[in-house]
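To start, the structure itself, in structure tokens.
The values are calculated or read from the model by the stated rules, or taken from the named source; none is laboratory data. Fair warning: this is a prediction, and the values are worked out from it, not measured in the lab. Cβ atoms come from the backbone with ideal geometry, glycine included; neighbour counts cover every protein chain shown.
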Amino acid sequence: MTLSPTPAKPVIEWGWAGRALIEPSGDLHVVVEFDGGAVVALLDGLGHGFEAAEAVRAAVPSIEAHAREPVLDLVLQCHTALRKTRGAVMTVASFSSLDSSMTWTGVGNVDGILVRARDAPEARNEAISVRGGVVGFRLPPLRADRLAVSRGDTLVMATDGIHSAFVEGVAIRFSPQELAESILARYAKGTDDAHVLVARYLGASP
């Protein structure tokens, strides 16, 4: 789900793939692009079906309204919005071309890995450190990590309907859409909603 027109100079390109165990899917991605930055989020509503879908959709207006704010504030806004739902887990990342950075945080079991485009000792891949909890029900103490990013660095997020071994199959020679579809085809468990979101940093435009 994209909530804003693509800015004149986008800082990411992205793609997604997903399938529902029971329609409607309780997994949802949200991408909000704006001048100088972008927010990407992947949410997984507790359980399956309509109530899980209702929970994740309740977060969309908050993500749209607070996309330019720090990611911890964004999660707090989502927590308030989801209080009357069954809740969700989520990972959210904010890219900025102003300082070539990505800041991310996660609550619950939505995996995230940043795969570096450059093959250098200082450019190691990074996995998100998530905290146990449920957005809308019980938040853990939140912490956001800020990473420097370079052109071509690729973020992959996946819900728990995707085997965690997907991190071994991230081939950044493919486009974000091709990569998302490949991960879904190869690593979906078939016992849960499954969703993959891929965002590649383009860097500051000249």
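For region 147-166, taking the residues that are among the hydroxyl-bearing types (Ser, Thr, Tyr) and assigned to a loop (DSSP other than H, G, I, E, B), the one that is modelled with the lowest pLDDT is identified as Ser150. Please determine, by comparing only the residues of region 168-182 that are under 15 Å from the mean Cα position of the chain (by Cα) and surrounded by 18 or more Cβ atoms within 10 Å (Cβ to Cβ), which one is farthest from Ala20 (Cα to Cα). Step by step, filter region 168-182, then rank; the result is Pro176.
Against the definition (surrounded by 23 or more Cβ atoms within 10 Å (Cβ to Cβ), under 23 Å from Val32 (Cβ atoms) and among the hydrophobic types (A, V, I, L, M, F, W, C)), how does Leu147 come out, yes or no? Considered against the rule, which asks whether it is surrounded by 23 or more Cβ atoms within 10 Å (Cβ to Cβ), under 23 Å from Val32 (Cβ atoms) and among the hydrophobic types (A, V, I, L, M, F, W, C), Leu147 comes out as no.
Annotation: of all residues in region 1-18 being under 22 Å from Val89 (Cα atoms) and modelled with pLDDT of 95 or more, the one that is surrounded by the fewest Cβ atoms within 10 Å (Cβ to Cβ) is Gly15.
Quick grid of which residues meet (1) in contact with a Ser or Thr (Cβ under 7 Å, 6 or more places away or on another chain); (2) at pLDDT below 95; (3) outside any helix (DSSP H, G or I):
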residue: Gln77; (1), (2), (3): yes, no, no
residue: Thr91; (1), (2), (3): no, no, yes
residue: Phe95; (1), (2), (3): no, no, yes
residue: Thr105; (1), (2), (3): no, no, yes
residue: Ala120; (1), (2), (3): no, yes, yes
residue: Arg124; (1), (2), (3): no, yes, yes
residue: Pro141; (1), (2), (3): no, yes, yes
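Could you please give the count of residues in region 25-52 that are buried (at least 18 other Cβ atoms within 10 Å of the Cβ) and either assigned to a loop (DSSP other than H, G, I, E, B) or without any contact (Cβ under 8 Å) to a residue 24 or more places away in the chain (or both)? Residues in region 25-52 being buried (at least 18 other Cβ atoms within 10 Å of the Cβ) and either assigned to a loop (DSSP other than H, G, I, E, B) or without any contact (Cβ under 8 Å) to a residue 24 or more places away in the chain (or both): 4 in total.
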